[in-house]
Structures are given as structure tokens and as C-alpha cells.
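The values are calculated or read from the model by the stated rules, or taken from the named source; none is laboratory data. Nothing here was measured: the structure is a model prediction, and the numbers come from that model. Positions of Cβ are backbone-derived with ideal geometry, glycine not excepted, and every protein chain shown enters the neighbour counts. Note: accessible area is taken over every heavy atom of the protein model, side chains too, but ligands, DNA and RNA are not part of it. Shrake-Rupley method; radii C 1.70, N 1.55, O 1.52, S 1.80 Å.
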Amino acid sequence: MSKQLLSQIPAINKILLLDEVKSLIQEYSEVGVKSAIKNYIDEIKQEILNEELHEVPSLEKIVEVVTQIVKSEDKNSLRRVINATGTILHTNLGRSLLSQKIKENIESVAFNYSNLEFDIDNKKRGSRYVHLIDIIKKLTGAEDVLVVNNNAAAVLLTLNTLVKDKEIVVSRGELVEIGGAFRIPEIIKLSGGTPVEVGTTNKTHLKDYENAITDNTGALLKVHTSNYKIVGFTKEVSNEEISYLARENELVSINDLGSGQFVDFSRFGLPYEPTVKEVLDSGIDIVTFSGDKLLGGPQAGIIVGKKEYIEQMKKNQLTRALRVDKMTLAALEATLKLYLDEKEALEHIPTLHMISLSKERLLAKADVFKTRLSDLDFKITIAEDKAEVGGGSYPASYLDSVVVKLEHSRLSATDIERRLLEVEIPIITRIKDNELIFDMRTLRTREFDLVKQALIEVVK
């Protein structure tokens, strides 16, 4: 029986002559289509030999399966998804979205030659970092700036340059571990420095720093607790106190702000956090922060502060290993320019826009979304809920939000959630009480039709 079935399997060459397959080759590639046909034919043979298949699929079925295989394999591994979770800076989903307003600037640099390291005025080699100095000065008052590939790299480079083989004094309450088990004490050691822990988990006083200073002390380090919050009986030393103590003892004062921000978000219901400018104004010598968190730009580690210290960092051999490319610089410069008009930044930088959305605007979005889905077979309700900033920013703090909840008579929320991950553009949602939840803070209006089409597809 197996031999008879095996003899009925069409030859690969015969399949390749089919018009549908020829069209598939034109759209994709001959190598990919041939590989898909061979793999499927091998699968059919194996199932026949295992007596799992008792009939050879028709040519139509073979073409259908091969088409699915080719289309599936043609997809990029890294691709777009839709975020309906309510977590704005979702680390797993790529953190900050770039502003549409900077697309032209990125395209201009990416698809053409640029003056990345060319001084046009003097017709000689220049520095890639000069493109950010003027805009950073305007926004923060910093003397100089250096950009590397992320904030952990920024801290590493700062410490390795300025206080290698020295002691770095840091509060026990600020010994942060960020994603991927990267810990501040380990970064200090990797930089060549020695961490000196002072105070306790919940309380650190100025005298703790003072008592820890020795002839081998190089810096006083403050680390923003971006991804956790200590509450209750607490005490921390201010930036002003740290910077003054460092100057009095001829030490470097460093603040790892983590997320970092240029806007005071307390007006939108979040706790007050000092901006980068306010930290520099306090007298801190060097401040480091991320580009792709509250700033709303590309992934980067931004170092701002005293020119004499940053000039030393530029000469460190690590800088070349940690440097960013032209597209990151183009995206960062264009994003920063939006901050010259705060109203413009709040409206056109997606991260800032999502944080600043009022409940009235969220309710209006929810009404539009509900109306858009009204002809589908779902029970649809609008409710108030909580969203979060995420991405290691504002831990244990939440934003008031509005969600649209969907419930299907036949399919469970878990089934629909799974199927939404399998559509062309996967949709990431939340589930509660067997209801599928779409948060209006992160689900964008331009994505409503894509979500509707996906829902139609998954409930078929």
C-alpha cells in the first residue's frame, strides 16, 4: 500500500510547471519555492511510510500548503506588532516609538551619504558627536555630550574613564539591577572601579558619604531607582548635597538617571521626578540616561555634563566599541529638536503623547473604536482602567486609562488572544475575567482598522 501511494506523489518538476507555482516564484524566489516543495513532499513521504497518511494530497492542496510555507518563511523575524496592553514603554515590544515627524530626517541620512564625520566648513575630518552639542546645550545647559549604545554602556564608559582603579561611593538603596541581570556593582567592577556601599537599604544620610571618603575615592555616584520604589521610613541624599560634597573633596559627582526626562510629567498624574536640566543645575558633573525611554527617541546612552570630563571619555578606547551609528544620531537629533517647542513634543513624540492623553481624549478614542467594531459578533464595553509607563520608569505608579473590553459568545478570550498573535501583524492584548482588553493609551487610532480586520479573521 505504501509503495502504491509513494508512486502517486507528483514529481517536483511537474509541480514547478504549474502556473500558480510559476507566479509564486516570480513573487518570491525559485530557491525558496523549490525548498518548500521538497520539504512538503518529504513530509508527505514520511507520513505515508509511518502509515499516518492514507491518501496523497491533490495538486491543489500541495500548491496551497507550499504557498503558506513560502509566505511564512519570507517574513522577517523582527517585525511590527500592535501594542494594546496599556504599557507605554514595553521593553519586549521595543520601548519608545519614534515620531513620524522625524522620518524624513532618518531617510535622508540612511539612504544618502552624510557629513557624519566630515567638517564641511573646514573641509576636514570631524566628529560624529558635534551634531548633538548645540541642541543638548539648549535643552539642558550641559557643556558637552557623548552618545553610546545604551545607558549601561554610558555608566560603564563614564566610570572607566574618570575613576578607574578608584573607589566609587554609592548608597545601598541604589544598587539597581536592570533587565538581564545587569547590576550596578558589577558594572562598577567591570569599569575597573571598586564599589563602596554606604547607608542602609531604606536610609542613607550625607554623613554616610562623608565617612566613606578616603584618599582612594574617585566619585560619588547616585543611581535612580527606575524599576523599583522604596517607601515608608526612607531617606536619600539630594543631588545638591552630593555635588557640594564632591566639589569640597575634589571628587566627581555622577548621576545615573536611568530613564531620564526633559518634561515634568507630574501634571499628567505621575510623581514628580527631576528633569535632566534640573539635575545638571544642581551641580552634578555627569548625568547619564537612556534615549529610548521617557525621552522618546532611539536606543542610546546619553552622557551630558562637564566638558573636561566628556573630552576624556571621547579619547577612551571603549568609546569606539560603544559608539552609535548615523541613523541613531539622526533619529536622536531630530527627536531632540521637537523639544524646542514643548507643545510640539507632547503631540508628536509618541511616548509623550501617550503619557499626556487626557481621560476625555481616551474616552473619545474608545467610542470610535467601539463604533468601528459594532458590526462584529462581540459584546463590547468601555471601562476605566489603569495603564503604566513601563520600561523601568515610574515603578508602582499608574496612569488613569480607558479600555475597550470584548467578549465572544463562542470563543474564549484565551483562544482569541492566541489567534491574534498569529495574524499578519500580531496584536498584543490583556485578558481579565475572560474579556479581551484593548487599552486606548497604547492602541493608536490608525491601528483600529487593522485590529478589526484581524478580529474578523480570527473568529471565522
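To the nearest 20 debye, what charge dipole does the stretch 384-430 have about its Cα centre, counting +1 at the Cβ of each Lys and Arg and -1 at the Cβ of each Asp and Glu?
Magnitude of the dipole: close to 120 debye.
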Return the long-range amide H neighbours of Lys203 (sequence gap of 5 or more, or a different chain), with a cut-off of under 5 Å between placed amide H atoms. Lys235
Which of Leu332, Val170, Leu251 sits closest to the plus end of the dipole of the chain, meaning its Cα is farthest towards the positive end, when Lys and Arg get +1 and Asp and Glu get -1 on the C-beta? Leu332
Equivalent ellipsoid semi-axes for the stretch 100-348, as square roots of 5 times the alpha carbon gyration tensor eigenvalues: give them largest first, rounded to whole Å. 31, 21, 15
The chain accessible area per residue, 1.4 Å probe, protein heavy atoms, integer Å², reads 51 Å²
Which ³J(HN,Hα) values in Hz, rounded to whole numbers, follow from the phi angles of the stretch 320-326 under the Karplus curve 6.51 cos²θ - 1.76 cosθ + 1.60, where θ = phi - 60° and Gly and Pro get x? 5, 5, 9, 6, 9, 8, 5
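Let me know the volume per residue of the alpha-carbon convex hull for the chain, in Å³. All intermediate terms of the calculation are to be shown ahead of the outcome.
Numbers: hull volume 96.7 nm³, N = 460.
Taking the convex hull of the Cα positions in the chain, it is 210 Å³ per residue.
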Per the 1.4 Å probe, what fraction of the accessible area of the chain, in percent, lies on carbon and sulfur atoms? 48 percent
Neighbourhood net charge (12 Å Cβ-Cβ; Lys/Arg +1, Asp/Glu -1) for Tyr309: -1
Charge dipole (debye, nearest 20) of the chain; +1 at Cβ of Lys and Arg, -1 at Cβ of Asp and Glu: 440 debye
Sequence of Tyr309, Tyr209 when ordered by accessible area, the most exposed leading, probe 1.4 angstrom: Tyr309, Tyr209
Rounded to the nearest 10 Å², what accessible area does Met327 show when all protein chains are kept and the probe is 1.4 Å? 90 Å²
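Can you give me the relative contact order of the stretch 1-73 as a percent, contacts being Cα pairs under 8 Å and 6 or more apart?
The value is 43 percent.
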Report, by chain and number, residues whose modeled amide H sits under 5 Å from the one on Phe118, excluding near sequence neighbours (fewer than 5 apart, same chain). Gly126
Run lengths n ≥ 4 of DSSP H only: what is the helix-derived mean residue ellipticity at 222 nm for the chain, with -39500 (n - 2.57) per run over all residues, to the nearest 500? -12000 deg cm²/dmol
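Can you tell me the length gained on complete extension of the stretch Ser29 to Glu43, counting 0.36 nm per residue apart and subtracting the Cα distance? Display every interim value, and only then the final one.
Working: separation 14, 0.36 × 14 = 5.04 nm, distance 2.13 nm.
So the extension gain works out to 2.9 nm.
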What is the Rg over Rh value, at two decimals, for the stretch 1-73, using alpha-carbon atoms and the Kirkwood definition of Rh? 0.98
Within the stretch 347-440, what is the number of lysine pairs with alpha carbons under 14 Å apart, leaving out pairs fewer than eight places apart on the same chain? 8
